[in-house]
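First the structure, in the form of structure tokens, and then the observations on it.
The values are calculated or read from the model by the stated rules, or taken from the named source; none is laboratory data. Quantities reported herein were computed from a predicted structural model and do not represent experimental measurements. Cβ sites come from the backbone with ideal geometry, for glycine too, and all protein chains shown count toward neighbours. Areas reflect the complete protein model, heavy atoms only, side chains present, ligands, DNA and RNA absent. Shrake-Rupley method; radii C 1.70, N 1.55, O 1.52, S 1.80 Å.
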Amino acid sequence: TLALPGGCRIGARPIDIHLSGFEAMGAQVSVQDGVVSARGRLHPVRYRMKFPSVGATENIMLAAALTPGESVIENAAREPEILDLAAMLRSMGADITESNFRDDAEPVCDLTVRRADERAHTAALKR
């Protein structure tokens, strides 16, 4: 549970993409009186972001890194902070790969995220 974000000098900071990603992963999300609540067990997902939001990419990556199975985030942001987060999650054992890199108006890619113990499980199955 957390309060809705405000904004900044740049403007409003909508979180619809964040919430949509969590809902796609199985969370039941509610917004009431300026407070966001999410409940439920998350599952892996193939989720296409309608816009390559840096914050939403980070939040969905974090959720996917803690969810059993393999999630794919399509049209994900690819700014330096995303690459830094991916490196940190990799150092903690997560398996994150990039594909379909594009640099149109903004750098975007598809990210595949697997929880740390999933990588070990997959390797054990291949033996």
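Roughly to the nearest percent, how much of the accessible area of segment 23-120 is carbon and sulfur, given a 1.4 Å probe?
Carbon and sulfur together cover 51 percent of it.
Hey, what number do you get for the chain at 222 nm if only DSSP H runs of n ≥ 4 count, each worth -39500 (n - 2.57), divided across all residues, to the nearest 500?
-10500 deg cm²/dmol
Relative to the present Cα-Cα distance, how much length would full extension add between Asp103 and Phe51 at 0.36 nm per residue of separation?
Extra length available between Asp103 and Phe51 comes to 17.4 nm.
As a test of reading the structure, rank Asp104, Asp117, Asp110 by solvent-accessible area (1.4 Å probe, protein chains only), most first.
Asp104, Asp117, Asp110
Counting only heavy atoms of protein chains, what accessible area per residue, in Å², does the chain have with a probe of 1.4 Å?
59
Just to make sure I understand: if all protein chains stay in place, what is the order of Ser71, Ser37, Ser30 by accessible area at 1.4 Å, largest first?
Heavy-atom accessible area, descending, gives Ser30, Ser37, Ser71.
Leaving ligands, DNA and RNA out of it, work out the accessible area of Val35 with a 1.4 Å probe and give it in Å² to the nearest 10.
It works out to around 60 Å².
Over the Cα atoms of the chain, what Rg and Dmax result, in angstrom?
Computed over the Cα atoms of the chain, radius of gyration and Dmax are 15.2, 55 Å.
Sorted by packing (mean other beta-carbon atoms within 10 Å per residue), highest first, where do 95-101, 45-51 land?
Highest to lowest by the protection proxy: 45-51, 95-101.
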